[in-house]
Structures are given as structure tokens and as C-alpha cells.
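These notes concern the structure reproduced below.
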Amino acid sequence: MENIKDPYHASLLHVFLISFGLYRIDQKGVTITDERTRSHNVFASVRNTGEATGTMEMKSYRPDYTLNDMRLVKAAPEYNDEITIQIQTIFPDLVLQQQDNSLQLRYVIPMGPNEFELLWTYFGYEDDDEETTMRRLRQANLTGPSGFVSVDDTEVLEYSCAGIQANPGNTAVLELGGRGAAPPEDGNMVTEGPIRGFYEYYRTIMYGDQD
Ligand SMILES: [Fe+2]
């Protein structure tokens, strides 16, 4: 659940997204957190269209890179709006996500203190035409257990888990965007507030811990 509660890691970690100009942390976006529990949250962002200022300066942006099938990274606007990514996390273990035209649910199933399963479900609408369904399926290659983007998360979360376990009491401090759970005042995406909010609420209901 931590993985999708920090919107900024994508532009640091996912070279696939940067290489093809699909996501930048300074693109227009917003983080919203449930005010009561601070444990549910959503971030939503609009993909830059045209040449974004500064994109050319990013070392891993490769306008010369191509795929054998570029349709993998070609999104089409739906609902007459802009091309977006939206990820909603619902406490404790459900994720509802729209990434370009790909619609997904993720479930985190704890198997024990150090083990979990992550299930992905992809969906569309009954009245999608064949082209729309194929577009959703092609874009599904970016996510899932061995997706071009999500495979990075799978690897890094193991490092992260190993790093925390080495600390006394298995504790760690996440300070990006401050110490509290509230999103930045302007709602921007450079924050770890939703991760702090998740654990704040988790500790409250599991241990009665108000700190
Ligand atoms: Fe990621």
C-alpha cells in the first residue's frame, strides 16, 4: 500500500515512464486525503501534452527511443477530458486505479508479518468497442507483476522492507513533505503524507496508539 501512496517515486524510479515522457512529478496533479482517518487517499494527475518545459533536460528522457509497437504507450482521451492517471487507495488493502486507458483494481492480501500477495484485476465496460478493449489490454503491459513499470516497484519494495527490518523495532522515518499526514496546502504530489496517514490510523486501530 505504501507503493501507491507516494506519487513522487514514479519520476525517480520508473525509467519507462520518463523515457517515453508519460509522467513527471511537476505535471499538474493533486493529492487528497480523507480528513477523518487520513488513511484513504487519492492522487490524480494530468499528463503533459506537447513538449513539457524541462522534459528535455531529464537525463532518462529519450525522445529517440521507440518500441516495436508504440501503441503500448499511446493513450486516447475518454469522457471528453484530458489524459490522466488517478490512483485511489481505500484503507486498508484496496487500490482503484486509472492509468491512461487502463482500469485496474489491486488487492493486498497479508499472508504473515513478512509476506503478502498482490492481486491485479483489469476491467473495462460492457459497451467498450473492440478498439477500446484492445487499448486497455495493451496498456496493461505496463503494470501487473512483470509490467514494464510495476516490475521496478516489486524490486524496490523488497529493498525497502529489508532496510526497515535492520532498524531497532523495525521503525523508519519518512519526512518528505513534513511530519504530518495532511497533504501539502496546495495539494501537490511531492509528499509522503499519505503513507504517514496510513500508519497513523493503522496504529490507532491496532494498538490504540495516538502518537
Ligand atoms: Fe511505482
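The values are calculated or read from the model by the stated rules, or taken from the named source; none is laboratory data. What you see is a predicted model; the values in this text were computed from it and never measured. When we count neighbours, we look across all protein chains shown, and the Cβ atoms used for this are built from the backbone with ideal geometry, even at glycine.
Annotation: of all residues in the stretch 159-189 being within 16 Å of the ligand (Cβ to nearest atom) and either touching a residue at least 60 places away in the same chain (Cβ under 8 Å) or within 30 Å of D69 (Cβ to Cβ) (or both), the one that is nearest to the chain's Cα centre (by Cα) is M189.
When T191, T204, T171 are checked against the criterion of being hydroxyl-bearing (S, T, Y) and modelled with pLDDT of 90 or more, T204 stands alone in meeting it. Screening the stretch 3-38 for residues that are in a helix (DSSP H, G or I) and more than 11 Å from the ligand (Cβ to nearest atom) and picking the one that is nearest to V108 (Cα to Cα) gives V15.
Scanning the stretch 96-103 for residues that are among the small types (G, A, S), within 16 Å of the ligand (Cβ to nearest atom), under 16 Å from L17 (Cβ atoms) and not in a helix (DSSP H, G or I) turns up at least one hit.
Listed conditions (1) in contact with a Lys or Arg (Cβ under 8 Å, 6 or more places away or on another chain); (2) surrounded by 15 or more Cβ atoms within 10 Å (Cβ to Cβ) are all met by Q88, apart from (1). When E200, E175 are checked against the criterion of being of a type in the set (D, E, K, R) and either part of a loop (DSSP other than H, G, I, E, B) or on the phi > 0 side of the Ramachandran plot (or both), a single residue qualifies: E175. Please determine, by comparing only the residues of the stretch 135-190 that are surrounded by 14 or more Cβ atoms within 10 Å (Cβ to Cβ) and basic (K, R), which one is nearest to Q97 (Cα to Cα). In this case the residue turns out to be R136.
Restricting to the stretch 138-155, name every residue that is farther than 18 Å from E117 by Cβ, assigned to a helix (DSSP H, G or I) and not basic (K, R). Correct list: Q139, A140, N141, L142, D152.
When E51, E126, E131 are checked against the criterion of being at pLDDT below 90 and outside any strand (DSSP E or B), E51 stands alone in meeting it.
The residues listed here are T143, T89, T84, T154; of these, the one that is in contact with a His (Cβ under 7 Å, 6 or more places away or on another chain) and either within 16 Å of the ligand (Cβ to nearest atom) or modelled with pLDDT under 85 (or both) is T89.
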